[in-house]
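Working notes for the structure below.
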Amino acid sequence: MDYTFVIIVNVGSHFDPATSIFVAPRKGVYSFSFHVVKVYNRQTIQVSLVLNGWPVISAFAGDQDVTREAATNAGLVIMERGDKAYLKLERGNLMGGWKYSTFSGFLVFPL
């Protein structure tokens, strides 16, 4: 399945499109948000924001009676330079919903 996506803004190129991983350029407080959409899918999905291999926030979408539903969440995390953040689909599958999904992050303030 082709998971081609569009990068709208990537100042500094700290998001690697080949791996879908954001690497922190400096120590600081970062804000992340995500909206992952499942389409025509009667199963529950669980999506997590993973920081250095550990899930830090998650979201679920599991309504059986809708054609589109989003698992969405946002939060602030403290990252050291070189720390990695990415999304992981922990449960379910997207069946095309990935093209309606978003992931964003930015440095709120350096530490």
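In terms of other Cβ atoms within 10 Å, Lys38, Lys99 run from fewest to most in the order Lys99, Lys38.
Available extension along the chain between Gln43 and Ser58 is 3.7 nm, counting 0.36 nm per residue and deducting the alpha carbon span. Size descriptor for the chain, Kirkwood hydrodynamic radius: 14.5 Å (Cα pairs only, one decimal). The order of Glu80, Glu69, Glu90, going from fewest to most other C-beta atoms within 10 Å of their C-beta, is Glu80, Glu90, Glu69.
Ordered by the number of other Cβ atoms lying within 10 Å of each residue's own Cβ, fewest first, Val50, Val11, Val39 fall into the sequence Val11, Val39, Val50. The dipole here belongs to the chain: it is taken about the Cα centre, uses +1 on the Cβ of Lys and Arg and -1 on the Cβ of Asp and Glu, and is about 140 debye.
Each value in this text was obtained by applying a stated rule to the coordinates, not by laboratory testing. No experiment lies behind these values; they were computed from the predicted model shown. So basically every Cβ, Gly included, is an ideal-geometry build from the backbone, and we count neighbours across all protein chains shown.
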